[in-house]
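Structure first, then comments.
Each value in this text was obtained by applying a stated rule to the coordinates, not by laboratory testing. A quick note: this is a predicted structure, and the numbers were derived from the prediction, not measured. Cβ placement follows ideal geometry from the backbone for every residue including glycine, while neighbour counts extend to all protein chains displayed.
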Amino acid sequence: METEDLAALVPSWTLHLRAERKTDGTIRTYLAGVTPYLVWCRGRDPLARATLQAWTAELLESGASPATAKTRMMAVRHFTRWLAGEGEISEDPFSRMRPPKVDEPVVPVLTDAQLRALVKACEAPPGETSGLPSLRHRRDEAIVRLLAEAGLRAGECIALTIDDVDLVQMEAVVRRGKGGKGRRVPFGPATAKAIDRYKRVRRLHRLAERPELWLGDRGRLLAYNGLYWALGQRAAAAGIEGFHPHMLRHTSADRWLAAGGSETGAMAVHGWSSPDMLQRYGRANREQRAIEEARRLDRGDL
């Protein structure tokens, strides 16, 4: 099959992904692999193993990380699996290809001091402590606290509506997490207070009647890029280097385990179906938690 013919089937594949209830983020990730691959394949056989291997090698040589190259390659493999399943091609040519080996990096988590500094960096300057000018400051503090405590993914946080957050029960409902799964996540009084302070200012916003919980400070809704930028600015003010919103999810898992929370509880709250994900997210301070646990156990007291 020619490259142009495959490209013409991408919209149908996208419809299939939506019907499978894949998240928008997952679909974007898949398309970010398949689309450039098909562009690169012009003049080449897009269904030849050697072609996919050459493209993956070129990604690595051009500076892409093994994780990125693996993600892009796996997207192409998802596409060809669908093609074979739909009868568009006789068989999946990439079914047994191995992706690049990836070393799992240890994602750093924020210390309590850094987390406090990040919350403090969200404080409004004098003159912006009340009314609509304070909206972005109260919003950012509420988001930081919610992500760090409840461990939501950034996309899950952005998708929250007013009705999804119950400040009396101190719970938020994730309607559609990764894999299309929903869940309830708890949070404490400090986070509830921060969300309440934000909601009181939110009533003054011109989009106050919209169902979305998070609003921008320029009369717009808050999108993922806006959240990423806003929290990045707060982290810079707090002196935290290399920050990205997902770090708060890792921090949430670490704080849960450090406080003695169960693994099954951590999996339920963070929306993981496999303990492998818990192990991955809990790697950063695993040794320190083990040392503190050993001291509590005091096994030398004979």
One residue from 49, 21, 28 being touching a residue at least 60 places away in the same chain (Cβ under 8 Å) and exposed (fewer than 14 other Cβ atoms within 10 Å of the Cβ): 21
Residues located in the range 52-74, provided they are more than 18 Å from residue 4 (Cα to Cα), aliphatic (A, V, I, L, M) and either in contact with a helix residue (DSSP H, G or I) (Cβ under 8 Å, 6 or more places away or on another chain) or surrounded by 19 or more Cβ atoms within 10 Å (Cβ to Cβ) (or both): 59, 60, 64, 69, 73, 74
Quick one: in the range 1-11, of everything that is touching a residue at least 40 places away in the same chain (Cβ under 8 Å) and part of a helix (DSSP H, G or I), which residue is farthest from the chain's Cα centre (by Cα)? 3
Of the residues in the range 216-236, how many are in contact (Cβ under 8 Å) with a residue 60 or more places away in the chain, more than 13 Å from residue 136 (Cβ to Cβ) and in a helix (DSSP H, G or I)? 3
Can you confirm whether residue 38 is assigned to a helix (DSSP H, G or I) and hydrophobic (A, V, I, L, M, F, W, C)? yes
What is the number of the single condition among (1) in contact with a Gly (Cβ under 9 Å, 6 or more places away or on another chain); (2) more than 27 Å from residue 6 (Cβ to Cβ); (3) not in a loop (DSSP other than H, G, I, E, B) that residue 134 does not meet? (1)
